[in-house]
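Peer 1: Please read through the structure below; I'll follow up with questions.
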Amino acid sequence: MKYVDEFRNPDVVSGIVEAINAQLNVIEQRRGKPMRPLQLMEFCGGHTHTLFKYGIENLLSDRIEMVHGPGCPVCVLPMGRVDDCIEIAANPDVIFTTFGDAMRVPGLKGSLLDAKARGSDIRMVYSPLDALELARKNPDKDIVFFALGFETTMPSTALTVLQAEKEGLTNFSLFCNHITTAPTIDAILNEPDLNLDGFLAPGHVSMVIGMEPFEFIARDYDKPIVITGFEPLDILQSILMLVTQIAEQRCDVENQYRRVVEDNGNDPGLAAIKKVYDTYPVTELRGFGEIGDAGVRLRPSYAAWDAEQKFVVSRQSSNDPDTCQCGEVLKGLIRPWQCQMYGKSCTPQSPLGALMVSTEGACSAYYNHGFRAPDSGQKRIAVVDASHSA
C-alpha cells in the first residue's frame, strides 16, 4: 500500500456500493420475495472500528446487517484471568508487564491499574521484547509478561521465549492467555440464536495462519468467508465478495487482503508457534464458557518460562456481573446499545466490561464514534469523502 487515499476514494466507494446493491437484487429476485437482511459478521474488532469511524453501515442497504463478533482478545478474557494477573503481580519479587489495553479491564478484584495503585509493580510495555529487556536489567526480579491475543501476537511472544532461552534468562516468563480463532468461530456457528450468512475474516490473524484454518466454515457450515483488510474500501470490497458468493449460491474462502496475506500464512511465525505452544484442552472465554482447543499453553520443554509453573495460579472462574451483557454482545446476539448498562454506568471512563475498555471492543467503537442509541435522534454520517481524512 503506497497511498492511504487510494483505499478511501469516494468514487470507488460509490461504485462498490452500487455493485453490492446489484447483487442484493439478484438474491432478492431469485427468492421471489422481499429478503430478510443478510447477517454478515465481522469477526475482528479492528473491522468494527472501521465500520463506525467511516460510517460504512450508513452506506449499506438495509438488506445487510453487520453483526459484530468477538475478535477482540482483551474482550473475551474472563474476569477470573484478570484476578489471576493481580494475584501474580502481588508477589513483591515480580514486575508484571502488559499491553495498555489490559490495564483497565475489570476483574472481581479490580483492574491491573487498581492493583498498581495498591503498590504492585505493574508496567505497560509495547512488546514482549520490552519485558525481556526488563529481565536483562533486573536480574533479581521475576519479569512476567501477560501474553494475550489471537494468532496475530503469538509469533512475537513465541520468538521472545526462544530469545530468552538463547540468553538463559529464566527470570522472564509468560502468563499465557493466547486464543485460537477457528474454535472461537466454530462456537459462534453453533450458537442457536444466530443466523449468520457470511463472515469477514480477520486480516492480521490471517497474515499469520493463512486461509486453510477457515475452510471448515465453507465446507461444514455452508457459509462464505472473505479475509479482509482494514481500510474502508477493504471492508466494502469484502462485503461485495460475500454477497456475490451468496448470489452465485456458492461458499468459498476468499482472500481480499492479498497485499498482506499469503494463502499459506507466515511460515516463520507458524514455526515459532508450533515449537513453543501446545493446544490447551479447554479454555474459558468470556460470553462463551469453556471451549475445547481455543487456547494454547507453553510446551513442557519451555516450563522454565511459564508463569503458571513458577507461581501459584488458581485459574479462577468468575461470571460477569448480572447487569453486564458483554457475553451477549461478544456473540453478536445484541448490539452494544441494547445492553442495559451501555452509556449509563458503563462508559470508557468507568467501564463495567472489557468491551468498553479495549481499542478493539465493540462498545468502545460505538461510544467513541458518537453512537448512543437508535432512538437518540443521532445518525452516523459516512465520512469516506473527498477529504480522504486519515
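The values are calculated or read from the model by the stated rules, or taken from the named source; none is laboratory data. Not measured: the values here are computed from a predicted model. Here the Cβ positions follow ideal geometry from the backbone for every residue, glycine too, while neighbour counts run over all protein chains shown. All accessible areas refer to the heavy atoms of the entire protein, side chains included, with ligands and DNA or RNA removed. Shrake-Rupley method; radii C 1.70, N 1.55, O 1.52, S 1.80 Å.
Peer 1: Evaluate region 230-244: report whether one residue or more is under 16 Å from the mean Cα position of the chain (by Cα) and at pLDDT below 95.
Peer 2: Yes, region 230-244 contains a residue that is under 16 Å from the mean Cα position of the chain (by Cα) and at pLDDT below 95.
Peer 1: What do you reckon, is A187 at negative phi, modelled with pLDDT of 95 or more and of a type in the set (A, V, I, L, M, F, W, C)?
Peer 2: The answer is no for A187.
Peer 1: Among the residues in region 108-131, are any open to solvent by less than 20 Å² (accessible area, probe 1.4 Å), assigned to a helix (DSSP H, G or I), in contact (Cβ under 8 Å) with a residue 12 or more places away in the chain and closer than 21 Å to A304 by Cβ?
Peer 2: yes
Peer 1: Working only within region 64-82, note down all residues that are among the charged types (D, E, K, R) and over 23 Å from W337 (Cβ atoms).
Peer 2: Scanning region 64-82 gives a single hit, R81.
Peer 1: In addition: Determine if region 69-78 includes at least one residue that is part of a strand (DSSP E or B) and more than 23 Å from T152 (Cα to Cα).
Peer 2: Within region 69-78, not a single residue is part of a strand (DSSP E or B) and more than 23 Å from T152 (Cα to Cα).
Peer 1: Which members of region 239-258 meet the condition of being open to solvent by 10 Å² or more (accessible area, probe 1.4 Å), in a helix (DSSP H, G or I) and either touching a Leu at 6+ places or on another chain (Cβ under 6 Å) or aliphatic (A, V, I, L, M) (or both)?
Peer 2: L240, M241, I246, A247
Peer 1: Can I ask one more? Among the residues of region 1-42, what is the count of those that are open to solvent by less than 50 Å² (accessible area, probe 1.4 Å) and aromatic (F, W, Y)?
Peer 2: Matching residues across region 1-42 total 1.
Peer 1: Is it the case that some residue within region 315-332 is open to solvent by 40 Å² or more (accessible area, probe 1.4 Å), over 21 Å from the mean Cα position of the chain (by Cα) and within 30 Å of A164 (Cα to Cα)?
Peer 2: Taking every residue of region 315-332 in turn, at least one turns out to be open to solvent by 40 Å² or more (accessible area, probe 1.4 Å), over 21 Å from the mean Cα position of the chain (by Cα) and within 30 Å of A164 (Cα to Cα).
Peer 1: Can you list the helices (runs of 4 or more DSSP H) found entirely within region 272-390 that contain at least 2 residues being at pLDDT below 85?
Peer 2: 326-330, 362-368
Peer 1: What's the number of the only condition in (1) surrounded by fewer than 22 Cβ atoms within 10 Å (Cβ to Cβ); (2) out of contact with any strand residue (DSSP E or B) (no Cβ under 6 Å at 6 or more places or on another chain); (3) at pLDDT below 90; (4) not charged (D, E, K, R) that G100 fails to meet?
Peer 2: Exception for G100: condition (2).
Peer 1: May I ask you to list the residues in region 338-362 that are out of contact with any strand residue (DSSP E or B) (no Cβ under 6 Å at 6 or more places or on another chain) and under 26 Å from D186 (Cα atoms)?
Peer 2: Once the filter is applied, which keeps residues that are out of contact with any strand residue (DSSP E or B) (no Cβ under 6 Å at 6 or more places or on another chain) and under 26 Å from D186 (Cα atoms), region 338-362 yields Q338, C339, G353, A354, L355, V357, S358, T359, E360, G361.
Peer 1: Considering only residues that are buried (at least 16 other Cβ atoms within 10 Å of the Cβ), touching a residue at least 40 places away in the same chain (Cβ under 8 Å) and not in a helix (DSSP H, G or I), which ones fall in region 43-68?
Peer 2: F43, C44, Y54, G55, L60, I64, V67, H68
Peer 1: Here's a follow-up. Is at least one residue of region 65-86 of a type in the set (K, R) and either within 17 Å of the chain's Cα centre (by Cα) or closer than 26 Å to E290 by Cα (or both)?
Peer 2: Within region 65-86, the first condition is being of a type in the set (K, R), and the residues that meet it are 81.
Those left that are additionally either within 17 Å of the chain's Cα centre (by Cα) or closer than 26 Å to E290 by Cα (or both): 81.
Among the residues of region 65-86, at least one is of a type in the set (K, R) and either within 17 Å of the chain's Cα centre (by Cα) or closer than 26 Å to E290 by Cα (or both), which makes the answer yes.
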